[in-house]
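See below for the structure under consideration.
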Amino acid sequence: MVATIETEQTVKELGAQKYKYGFVTDIDMEKAPKGLNEDIIRFISAKKNEPEWMLEWRLKAYSRWLDMTSPDWAKLNIDPIDYQDAYYYAAPKSKDDGPKSLDEVDPELLRTYEKLGIPLKEQEMLAGVAVDAVFDSVSVATTYKKKLEEQGIIFCSISEAMRNHPELVRKYMGTVVPQGDNFFAALNSAVFTDGSFVYVPKGVRCPMELSTYFRINTADTGQFERTLIIADEGSYVSYLEGCTAPQRDENQLHAAVVELIALDNAEIKYSTVQNWYPGDENGVGGIYNFVTKRAACRGKNSKVSWTQVETGSAITWKYPSCILQGDNSVGEFYSVAITNNHQQADTGTKMIHLGKNTRSTIISKGISAGQADNTYRGLVSIMPKAEGARNFTQCDSLLIGDKCGAHTVPYIESKNPTARIEHEATTAKISEDQLFYCKQRGLGDEDAVGLIVNGFCKEVMKELPMEFSVEAQKLIGISLEGSVG
Amino acid sequence: MSDALDHFLMGVGGAKAQLSSPHIDALRDRAVAAFKATGLPTARTEAWKFTSAAPLIKANAAPVVTSADPETLPANALAVDCPTVVLVDGAISETLSTLDNLPKGLTVRSASAGDAGLGDLLPLEGFPFAALNTASFRDAVMIEVAAGQTVETPVHIVSLSTHAKVPQISHPRICIKVGKGAIAAVAESHIGEGGVSFANVAVEVDVADDAVLTHVKLQDESRDGFHTAMTASKVGEKATYENVVIQMGASLARNEIRHTIAGSHSESRLLGAYLGDGDQHLDNTTFVDHAVADTELDEVYKGVLAGKARGVFQGKILVRPDSQRTDGNQMSRALLLSDKAEANLKPELEIYADDVKCSHGATVGELEEDQLFYLQARGLSRPAARALLVDAFVMEIVDRISSTSLREAMADAVRAHFARMFK
Amino acid sequence: MPLIEIKNLHARIEDDGKEILKGIDLTIEPGEVHAIMGPNGSGKSTLSYVLSGRDGYEITEGSVMFDGVDLLEMEPDERSRAGLFLAFQYPVEIPGVTNSTFLREAVNARRKGQGEKEVDALQFVKMMREKTKKLGMSDEMLKRAVNFGFSGGEKKRNEILQMAVLEPKFAILDETDSGLDIDALKIVSDGVNSLRDPSRSMLVITHYQRLLNYIVPDKVHVMADGKIQRTGGKELAEELEASGYADYQEDAA
């Protein structure tokens, strides 16, 4: 109830605000030279004081990448990307080892995050949310670290994890998304610069939401972060991720890899509100978002739940997936993807059922407006040993206007007769009747659309943690601005 | 690869010698070029994602040059008492066909007696087997229903693949034109004498404005045989097209339908069932193009898969910009009756108009345990209960055939098949 | 000053140019309840849509003054915020949006329009409890999505609930009795009657006289062929019940 009411208020505040995160922070940056080659990779690795094995891992990924081609099966029109015309490392100039505490963080950076609604100073922090703030290529601050450490929870940047917890990183990194998994994963494996690392020990229920806030600031910079979350036996963690970038005329590349590992009886809830700069109404600029997210439900009774609200980016290519290995493990995917103007999204999930009595649920809501294209692409695969597996999929598309496209491409493969798969998909529009009804009750066009679309997305929105749901509902309204009337 | 392409094209010369006209010759030339340009499906061809064309290529089938008419036809064709045209390895058999008393308004002839419209609808580029048929067909059955005519009796095409010592490939070809306001029913039975045969069928169907066509197909080829078929259909304004396909034969079969809804206020029904057991691989691929506004599509496909059978359903619905008020619904269901059976479904929506109601649904699973138990509690044995439920599952498709005689004949064919399958 | 004054109103359907309203004259004073009766196709529902500003109609002639301002110049949501309420003949379903969210949006849109402070959560909950209690309805309805999966009777009750919450100056009840059994009709009529107020006018559109047994109008108008053919007191409704609309339909045919 409270959330609903806050929503109403926020939906109201929409007004005429456009992309409000489009500002640039003016701060001294240290960059690697433009382009990509072995020297750049060595430079990144050296900058981060990485152990030798890490450098080798990166170089191996790079050589794999050189032999790969960009995937072309998605329903996306992408201009060729010049991988030599970008910076692969950009970090705020600061003390050599990075800030030891928040007091050492450049005040300009703190102000940036404040402007984004993410205060990093401990006294002003969001209660109950620990934040890792990633600015271009590096993590600039992680809050509540101490408090989490008391329970044995490790929450830090992945660079720090490599130095302080190499055994965990070596054991798990690349085991869910191998270096050569796909073109963008290989690229990330070669050049990733930072990201978050979470380890929740056996039996611990993480007492607060963990969150990473990604910010691309520098022009011509790609952001390549890598996140690794391990939930040990019987543990629980809820992780949130948010993203913004300045408004620019050129496209910027974001190619991330996220690996989740849930052991016996563990649960990971991973929520994303993706609001990268989407480009302007003519399709100029915007982030190219190529993300490989995958979870391994390794243990019995483990559970991974992906929730995403995708409103930003010029291009979204993203399929958060679950490999359901453990018996009775559960995978969930809840998605809202909104495309407006010239945005293109090709997103969905893969649920790979390997273990007995594994269950998966997919709820996808695609909203397409302007001249945008929005595709759901998903795979449900039941392998021969997945006795009693269950999947339920619901994909709904909403079209606003007659220049956009909505597409649904599910792949269903079953090799076990005891498995049960149900898939439903519908396509509809906001009816004139609904709009008129809302207007008769006094709502303006944009408010009416925001309200109806939020209703359409409700099944997904209710999966978001409270801290995110308000912002997400607000975003839905903003992203659809100018789509009617 | 180019060896395989050349091998497949070996029959073109012989086909030209048997059937030639300026129109057909030009068509063949285009088809040969398209076939070469497209190449054969590989593991990376998205349209063939779930069906490997490798067995079709490895069969190394030789083109049929001539074949003698058999004395009698195998008994598994649809049993319908109606005018029948028999194709033996793609050539019309004068002796086996019974076309003496054609009803008024119905014309059935060979393409050698007139080829107008042949090749108008069938796509070539991107569809290697349709192109191959066009390059290699030895004859074509041309069926025409005159405008305004109601033809109550169906016309039946029986396409036989004969037994040969070495694998052979034939290219049966059918062209159906239903004139404005006409009403007709057409049935196809695809059967074989046994052995490794490869029937590569192409069918064109043009349903003019205000016309109604019921089009039924039984695919019951020999169990070692291959069957690939492309049906390209088009429906006009206020017209109705009903296409019902039941696949139960062949070791590997792919029935592809490309249906264009070209007229507003038309109705299209695509219904199908595939009944596989043993090592069978049965593929059903459909593509429906909603090219105009105010149209309806109702598509239902059901699969029953036993043994090590693999069933495929790929169904794409395209709604073009401006095709407003499209009402398109698709449902695909597969029943897996054994541990080794496999189902692959890929329903797909591609929509560019906002005022549409489109949906698809897909389910895969086994028979409902509580239904089985209910029937057992009423005294049925478990196998009898299974057979009853499977029968009901498939009959939901068969029962929707509008033509009474074709519906009954299809029901008999399905039940005869189940009698063997569940014996 | 009359609350609403309709003069020589002509309207046609945009798509096919067919004229539906052929010169409506109607004046309603504050606090009055008027009924418009007429056969199917007489233009009753069109009048309700034209007054509330629905797309698809073109006003070719005439004027409508509402509380001293030109109603026809306003957008549908502006008309609503100015105090015009339409109880729909076919209330629209909005999946996923709860009645309470919807109503709060509507209430706050109105308050904001009038420069008032928006209601906060607690106030709103309290307000809704009072309203539902007064109408003899359960507040369970508020948690359900707007009209989604509602029965015909529930939808109509929901319209009356919305009217109670939005407190309009002028309410148009478009065939509010259609599809209701006698019990539901009583509940809905009681709701409407409880909202009668010296400062609130209503226009009750109906095909049948029976609704007017429960909601007793000050004036009854007979509409046919896009015009008001006759005006009288509540006895006119009874007369129509006996004689039917045959006398008024010659022109329409």
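The values are calculated or read from the model by the stated rules, or taken from the named source; none is laboratory data. Just so we're clear, the structure is a prediction, and the values are computed from it rather than from any experiment. So basically every Cβ, Gly included, is an ideal-geometry build from the backbone, and we count neighbours across all protein chains shown.
Considering the stretch B:348-373, and only residues there that are among the aliphatic types (A, V, I, L, M) and either touching a residue at least 24 places away in the same chain (Cβ under 8 Å) or within 7 Å of another protein chain (Cβ to nearest Cβ) (or both), the residue that is farthest from A:I362 (Cα to Cα) turns out to be B:A353. For A:P178, the stated conditions hold: it is part of a loop (DSSP other than H, G, I, E, B), of a type outside the set (S, T, N, Q) and free of Cβ contacts under 8 Å to residues at least 12 places away in the same chain. Any residue at all in the stretch C:72-91 that is in contact (Cβ under 8 Å) with a residue 12 or more places away in the chain, more than 16 Å from A:V449 (Cα to Cα), more than 10 Å from chain A (Cβ to nearest Cβ) and among the aliphatic types (A, V, I, L, M)? The answer is yes, given that some residue of the stretch C:72-91 is in contact (Cβ under 8 Å) with a residue 12 or more places away in the chain, more than 16 Å from A:V449 (Cα to Cα), more than 10 Å from chain A (Cβ to nearest Cβ) and among the aliphatic types (A, V, I, L, M).
Inspect the stretch A:2-10 for any residue being modelled with pLDDT of 90 or more and either closer than 30 Å to A:A448 by Cβ or surrounded by 15 or more Cβ atoms within 10 Å (Cβ to Cβ) (or both) and give the result as yes or no.
The first filter runs over the stretch A:2-10 and keeps only residues modelled with pLDDT of 90 or more, leaving none.
No, there is no match, as no residue in the stretch A:2-10 is modelled with pLDDT of 90 or more and either closer than 30 Å to A:A448 by Cβ or surrounded by 15 or more Cβ atoms within 10 Å (Cβ to Cβ) (or both).
If you go through the stretch C:158-185 and keep only what is part of a helix (DSSP H, G or I), at pLDDT 90 or above and farther than 25 Å from C:T46 by Cβ, you end up with C:L161, C:A164, C:V165.
For C:E167, the criteria (1) crowded, with 17+ Cβ neighbours inside 10 Å; (2) under 18 Å from the mean Cα position of the chain (by Cα) hold in every case but one, which is (1).
Taking the stretch C:16-65 as the region of interest, how many residues are in contact with a helix residue (DSSP H, G or I) (Cβ under 6 Å, 6 or more places away or on another chain) and of a type in the set (G, A, S)? The qualifying residues number 4.
For the stretch A:191-214, the set of residues classified as modelled with pLDDT of 95 or more and small (G, A, S) consists of A:G203 only.
Looking at the stretch B:1-56, the helices (runs of 4 or more DSSP H) lying wholly inside it that each contain 3 or more residues that are touching a Gly at 6+ places or on another chain (Cβ under 9 Å) and not aliphatic (A, V, I, L, M) sit at B:22-38. Of all the listed residues (B:L345, B:L282, B:L336), the sole one being within 18 Å of B:H417 (Cα to Cα), modelled with pLDDT of 95 or more and at the interface with another protein chain (Cβ under 8 Å from one of its Cβ atoms) is B:L336. Restricting the stretch C:186-214 to residues that are of a type in the set (S, T, N, Q) and buried (at least 18 other Cβ atoms within 10 Å of the Cβ), the residue that is modelled with the highest pLDDT is C:S201.
Would you check which residues across the stretch B:340-356 are within 26 Å of B:W48 (Cβ to Cβ) and out of contact with any His (no Cβ under 7 Å at 6 or more places or on another chain) and list them?
Within the stretch B:340-356, B:K340, B:A341, B:E342, B:A343, B:N344, B:L345, B:K346, B:E348, B:Y352 qualify.
Would you be able to say whether some residue in the stretch C:242-250 is over 17 Å from C:S42 (Cβ atoms) and in a strand (DSSP E or B)?
Applying the first criterion (over 17 Å from C:S42 (Cβ atoms)) to the stretch C:242-250 yields C:242.
Keeping just the survivors that are in a strand (DSSP E or B) gives none.
No: the stretch C:242-250 contains no residue that is over 17 Å from C:S42 (Cβ atoms) and in a strand (DSSP E or B).
Looking across the stretch C:100-118, just one residue is within 7 Å of chain A (Cβ to nearest Cβ) and among the acidic types (D, E), and that is C:E105. All of B:D115, B:D69 fail the test of being under 16 Å from B:I176 (Cα atoms) and part of a loop (DSSP other than H, G, I, E, B), apart from B:D115.
For first residues located in the stretch B:98-115 and within 15 Å of B:V186 (Cβ to Cβ), partners that are of a type in the set (D, E, K, R) and lie 6+ apart or on another chain with Cβ distances below 6 Å form the pairs B:T107/B:E144.
Looking across the stretch A:452-480 at every residue that is among the β-branched types (V, I, T) and under 14 Å from A:A337 (Cβ atoms), the one that is modelled with the lowest pLDDT is identified as A:I476. Taking the criterion of being more than 14 Å from chain A (Cβ to nearest Cβ), touching a residue at least 40 places away in the same chain (Cβ under 8 Å), surrounded by 16 or more Cβ atoms within 10 Å (Cβ to Cβ) and closer than 29 Å to B:H281 by Cα, the residues of the stretch B:5-51 that qualify are B:F8, B:L9, B:G11, B:V12, B:A31, B:V32, B:A34, B:F35, B:T38, B:L40, B:P41. In the stretch A:59-96, of all residues being in a helix (DSSP H, G or I) and in contact with an Asp or Glu (Cβ under 8 Å, 6 or more places away or on another chain), the one that is farthest from the other protein chains (Cβ to nearest Cβ) corresponds to A:L59.
Across the stretch B:38-64, the number of residues qualifying as in contact with a Leu (Cβ under 6 Å, 6 or more places away or on another chain) and basic (K, R) comes to 0.
One residue is enough: does the stretch A:288-306 have a residue meeting the conditions surrounded by fewer than 24 Cβ atoms within 10 Å (Cβ to Cβ), under 22 Å from A:E422 (Cβ atoms) and either touching a helix residue (DSSP H, G or I) at 6+ places or on another chain (Cβ under 8 Å) or at pLDDT 95 or above (or both)? Yes; the residues of the stretch A:288-306 include at least one that is surrounded by fewer than 24 Cβ atoms within 10 Å (Cβ to Cβ), under 22 Å from A:E422 (Cβ atoms) and either touching a helix residue (DSSP H, G or I) at 6+ places or on another chain (Cβ under 8 Å) or at pLDDT 95 or above (or both).
Which residue, of B:A392, B:A384, is more than 10 Å from every other protein chain (Cβ to nearest Cβ), surrounded by fewer than 17 Cβ atoms within 10 Å (Cβ to Cβ) and within 25 Å of A:N391 (Cα to Cα)? Spell out how you get there, then give the answer.
Values: B:A384 fails: within 25 Å of A:N391 (Cα to Cα).
Sole residue among the options that is more than 10 Å from every other protein chain (Cβ to nearest Cβ), surrounded by fewer than 17 Cβ atoms within 10 Å (Cβ to Cβ) and within 25 Å of A:N391 (Cα to Cα): B:A392.
Highlighted here are the helices (runs of 4 or more DSSP H) found entirely within the stretch A:403-469 that include at least 3 residues which are crowded, with 24+ Cβ neighbours inside 10 Å and free of Cβ contacts under 8 Å to residues at least 24 places away in the same chain: A:432-440.
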